[in-house]
Each structure stands twice: as C-alpha cells, then as structure tokens.
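Structure first, commentary second.
The values are calculated or read from the model by the stated rules, or taken from the named source; none is laboratory data. Only a predicted model underlies this, so the values are computations on that prediction, with no experimental measurement involved. No Cβ is skipped: glycine too gets one built from the backbone with ideal geometry, and neighbour counts run over all protein chains shown. Areas reflect the complete protein model, heavy atoms only, side chains present, ligands, DNA and RNA absent. Shrake-Rupley method; radii C 1.70, N 1.55, O 1.52, S 1.80 Å.
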Amino acid sequence: MYLILLGPPGVGKGTQAQFLIDDLGAVQLSTGDVLRAAIANGTELGKQAKQYMDAGDLVPDEVILGMIHNKLVELEGKAVIFDGFPRTEAQAQGLDVELEKLGKSVDKALELTIDDQVVVDRLSARRVHAGSGRVYNLLFNPPKKEGVDDVTGEPLMHRDDDKEDVIRHRLEVYHKATEPVAGFYEKQGKLVKVDGDGTVDGVRQRVKDALKGLG
Ligand code: AP5
Ligand code: MG
C-alpha cells in the first residue's frame, strides 16, 4: 500500500502520519525528515540540500528522486506513507516510474487543506523530536514535560525553517510548485481532500473516514 499525504507546510502531515502508522500498519517516509537527518549527519545528501531548505526552497527533483529510489528499495514489501513527497509534477511522474519497476502503484493521495494564516500561527509554535518525527505545538499540542519528547525524554528542537519570513516563502513555493500535484492524482481518480483545520483529533477522524477500506 502506497499512500501520499499532500498539503501545505504546517497543515499537519507529520502529525497525522504518526496516527496512520498505527492505523494502517505502515511506515512514514518524510522527505523533509530524511533530509534534516542527512544534514545533521553531514552526509553528501545533506550538503546538497541544506542551502535550499534553509531558504524554504525545494531541493532539486533529481536529488529527491535519487533518494526515493534508494528508500523504495530499502522499504520493499512494506506499506508506505509518503509525507511531503511528491512536491512537483516531475516528482509525481518519477514516483510512478519507480513503483512501476516494482510492479506497484500509488493507492491514494490525501490532500489536507488549510488557510495560510493558520499555518503561520502553528509553525511559529512547533517543536519536533528529530529521532522519531513526533511533532508538538506549544499552543495546541504541548509535550507533557516542557522541552522534551513524551516517549524518550530527549530534547525537542525548533526547526531552522520555522521563522515567519521563511514560512511565508515556503507557502508561496507550495502554491506555485506543489498545489498542481493534487490535480495529477485527481486525474488518476486517486485524490481525496480533507479539511485540515480544527483539533488534531477532529482532523484524525476525518482522515480515518476518508481512508476507509485502505490498508
Ligand atoms: P518538510 O519537512 O516536508 O516540511 P513541510 O512540507 O513544509 O511541512 P511541515 O513539516 O512544515 O508541516 P506538516 O504538514 O508536517 O505539519 P506538522 O504535522 O508538523 O520539508 C522541509 C523542506 O525540505 C522543504 O522546504 C524543502 O526545502 C525540503 N523538501 C522536503 N521534501 C521535499 C521534496 N519532496 N522536494 C523538494 N524539497 C523537499 O504540524 C505543524 C504544527 O502544527 C505542529 O506544531 C503540530 O503540533 C501543529 N498541529 C498539527 N495539527 C494541528 C491541529 N489540527 N490543530 C492545531 N495544531 C496542529
Ligand atoms: Mg512535516
């Protein structure tokens, strides 16, 4: 099973993916998380990606598709939730080609929608646990103990690209380059849209309803 989570920065892709891991028995593949880990580890991939991520721009398609190729081989046989990928039509086409080689295809694409201003408010207060991808929010979804992950007790971090000017640029990039990807899956009859505003649990229920029968 291959599920794609689409939607703007801060809409809740990472938050909902954490629930779907359990609900669908799948693994999460967040290209953003993979790239941040590569930067932290000082790898060649990290060096290629850093300048783009810091500015809120997209990392070039060929870098992303190379990384996805390796990950798909590594994760063969597992159900996968793609979070933050594909982000351009070229990436969506590239994914179809890679999956075809494995005799597979995308099952569904779920687009979470939200107003830009809600995103700015949410991301300014986000904190993340780098090791697991668990996501918190100082205003809406705080950790049990300030500054540390609920499960491991390790420190939480503030992402470098969660500054207001960079957040606004990421939104611009999203509207221009990534929004058309929803149309790509709509044409294939695979797109479902879910309102990403409201409480975390409210969105979770809507996502569950929209994905009934998948898994
Ligand atoms: P990436 O890491 O994918 O970031 P993003 O798409 O900008 O999305 P976010 O992770 O910011 O938001 P999210 O939707 O996961 O929201 P979350 O659940 O955390 O990409 C970062 C960068 O990497 C890109 O800019 C680019 O440079 C590069 N990159 C990555 N993939 C790429 C690709 N395929 N191609 C090219 N470049 C790529 O929630 C946000 C906050 O809101 C949290 O604090 C959360 O607790 C809170 N929250 C969640 N839901 C709710 C709710 N219902 N109510 C209140 N608060 C909520
Ligand atoms: Mg995310």
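Summary of values
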{"quantity": "Expected-Rg normalisation [2.2 N^0.38 Å, Cα atoms] applied to segment 62-185", "calculated": "1.23"}
{"quantity": "Nearest-0.05 FRET efficiency for V120 and K208, computed from C-beta distance (R0 25 Å)", "calculated": "0.35"}
{"quantity": "S124 accessible area, 1.4 Å probe, all protein chains in place, Å² to nearest 10", "calculated": "60"}
{"quantity": "Residue-averaged [θ]222 nm for the chain, counting only DSSP H segments that reach four residues, each worth -39500 (n - 2.57)", "calculated": "-14000 deg cm²/dmol"}
{"quantity": "Per residue accessible area of the chain, 1.4 Å probe, in Å²", "calculated": "50"}
{"quantity": "Against the rule of thumb 2.2 N^0.38 Å, how large the Cα Rg of segment 1-41 comes out", "calculated": "1.24"}
{"quantity": "Hull volume in cubic angstrom per residue (convex hull over the Cα atoms of segment 125-215)", "calculated": "144"}
{"quantity": "Longest segment of the chain lacking GluC sites (Glu not before Pro) that sit in a DSSP loop with at most 14 other Cβ atoms within 10 Å", "calculated": "1-75"}
{"quantity": "Segment 42-98-segment 145-169 distance, computed between alpha-carbon centres (Å)", "calculated": "22"}
{"quantity": "With all protein chains modelled, accessible area of D195 [1.4 Å, Å²]", "calculated": "80"}
{"quantity": "Net charge of neighbours whose Cβ lies under 13 Å from the Cβ of L72, counting Lys and Arg as +1 and Asp and Glu as -1", "calculated": "-1"}
{"quantity": "Distance histogram in 10 Å bins (all Cα pairs of segment 162-215, percent per bin)", "calculated": "20, 32, 39, 8, 0"}
{"quantity": "Shape parameters for segment 1-124, alpha-carbon atoms, Rg then Dmax in Å", "calculated": "14.4, 42"}
{"quantity": "Order of exposure, largest accessible area first, which applies to K176, K190 with probe 1.4 Å", "calculated": "K176, K190"}
{"quantity": "Protein-only accessible surface order, largest first, of V119, V73 at 1.4 Å", "calculated": "V73, V119"}
{"quantity": "Compactness of the chain as Cα Rg over 2.2 N^0.38 Å, two decimals", "calculated": "0.96"}
{"quantity": "Axial C-alpha extent at least 18 Å, average Kyte-Doolittle at least -1.0 - helices from the chain (DSSP)", "calculated": "61-74, 89-101"}
{"quantity": "Accessible-area composition of the chain, carbon plus sulfur, in percent [1.4 Å probe]", "calculated": "50"}
{"quantity": "Order of exposure, largest accessible area first, which applies to L191, L112 with probe 1.4 Å", "calculated": "L191, L112"}
{"quantity": "Anisotropy class of segment 107-153 from Cα gyration tensor, a/c 1.5 cut", "calculated": "oblate"}
{"quantity": "Rounded to the nearest 20 debye, dipole of the chain from Cβ charges on Lys, Arg, Asp, Glu", "calculated": "360"}
{"quantity": "Relative contact order %, the chain, counting alpha carbon pairs below 8 Å whose residues are six or more apart", "calculated": "31"}
{"quantity": "Solvent-accessible area of K208 with every protein chain in place, 1.4 Å probe, in Å² to the nearest 10", "calculated": "100"}
